[in-house]
Amino acid sequence: MNQNKPLRSTVGKKVIMAVSGIFLMLFLIVHLGGNLTMFAGSDLFNSYAHHLEGLGPLLWVAEAGLLAIFLFHVISAFQVVAEKKRARTDRYAVTASKGGPSKVTAASKSMIYTGIILLLFIPAHIWMFKFNGGEPHPVTEVHGTEMKDLYASVAEAFANPVVAFGYAAVMFLLGMHLRHGFWSSLQSLGAMAPKCSPLIYTVGFIFALLLAGGFLVLPLYFYFTQIGGAA
Ligand code: HEM
């Protein structure tokens with residue numbers, strides 16, 4: 001390890017991956033909170049999205065920050081994976097980290113694959129909803145204010161079984177990614193004593209279940225309520 005360049009070392013990259021991962025988890029909590037307003041009907045969700053848009057330059061700064069954090073996360077993840085491959089003999093990098101032995105589970109072994117799927121999903125998702133697939137957004141009026149009808153776009157997208165079940169499958173993989181990522185980020189930051197490791201792993205499992213589960217019910221809810229409505 002190069003002591004003079006801590007951020008360029010594998011541990012430094014793991015720290016970047018961990019810190020950026022924690023910020024991305026915070027974004028997901030806020031995003032899920034906004035999305036869950038859809039259960040209260042279209043007006044609340046559309047007004048929420050409209051208020052966010054009303055932040056103007058502040059929102060662009062937040063979006064640019066989110067993109068930068070996302071890129072840090074992805075690049076450091078690929079670098080750590082490449083270094084692990086290169087240095088198979090480095091026992092520290094492969095089997096242990098600051099807080100104790102690594103957890104080897106299906107979720108941990110598949111981090112790179114679930115990560116790549118999310119990497120493909122996110123631009124497609126933003127194109128689909130933020131840019132409405134290149135089409136003008138439908139418009140609605142809430143209490144006399146004209147605004148984008150994002151709710152209608154989401155409902156229409158999830159009326160399609162391929163989209164609804166495809167989303168649900170990706171949300172399951174998101175859960176796997178978060179399950180290991182939660183524990184691993186704290187481990188990389190040395191933020192837990194080895195004896196707390198099982199507890200943190202359980203907390204991570206519950207966190208992943210709630211977050212990914214919250215996202216997962218949305219496409220299924222829209223699909224089944226619309227199928228029910230059509231029947
Ligand atoms: C069922 C699940 C989801 C639904 C229904 C959903 C819905 C939406 C909608 C409607 C927008 C557009 C918001 C706007 O234009 O104001 C959006 C944006 C976005 N979503 Fe999701 N989302 C879901 C899951 C996710 C997940 C799992 C991620 C990340 C892994 C994610 C990341 C993003 C990002 C980065 C944006 C752009 C935010 C911005 O630029 O302001 N979404 N989502």
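Filter the range 185-226 for residues that are free of Cβ contacts under 8 Å to residues at least 12 places away in the same chain and either of a type in the set (S, T, Y) or touching a Gly at 6+ places or on another chain (Cβ under 6 Å) (or both); which is surrounded by the most Cβ atoms within 10 Å (Cβ to Cβ)?
Ranking the candidates gives T225 first.
Consider I206 carefully, then state whether it is more than 9 Å from the ligand (Cβ to nearest atom) and under 20 Å from the mean Cα position of the chain (by Cα).
Yes; evaluated as a whole, the condition is true for this residue.
Hey, does the range 170-187 have a residue that's more than 26 Å from F121 (Cα to Cα), more than 13 Å from the ligand (Cβ to nearest atom) and of a type outside the set (V, I, T)?
Yes, the range 170-187 contains a residue that is more than 26 Å from F121 (Cα to Cα), more than 13 Å from the ligand (Cβ to nearest atom) and of a type outside the set (V, I, T).
Among the listed residues Y48, Y113, identify the single one that is in contact with a Gly (Cβ under 7 Å, 6 or more places away or on another chain), at pLDDT 90 or above and assigned to a helix (DSSP H, G or I).
Y48
Residue under question is E156, and the condition is that it be among the charged types (D, E, K, R), surrounded by fewer than 15 Cβ atoms within 10 Å (Cβ to Cβ) and over 21 Å from V30 (Cα atoms); does it hold?
Against the criterion (among the charged types (D, E, K, R), surrounded by fewer than 15 Cβ atoms within 10 Å (Cβ to Cβ) and over 21 Å from V30 (Cα atoms)), E156 does not qualify.
Taking the range 121-150, which residues are within 11 Å of the ligand (Cβ to nearest atom) and hydrophobic (A, V, I, L, M, F, W, C)?
Residues satisfying the conditions are F121, I122, A124, I126, W127, M128, F129, F131, M147, L150.
If I ask for residues that are touching a helix residue (DSSP H, G or I) at 6+ places or on another chain (Cβ under 6 Å), closer than 23 Å to A155 by Cα and more than 10 Å from the ligand (Cβ to nearest atom), which ones from the range 34-82 would you list?
T37, S42, L44
Got a number for residues in the range 86-110 being part of a helix (DSSP H, G or I) and modelled with pLDDT under 80?
Looking only at that region, the number is 9.
The values are calculated or read from the model by the stated rules, or taken from the named source; none is laboratory data. Computed from a prediction, not measured in an experiment: that's the story for all the values here. Please note: Cβ atoms are built from the backbone with ideal geometry, for glycine as well, and neighbour counts cover all protein chains shown.
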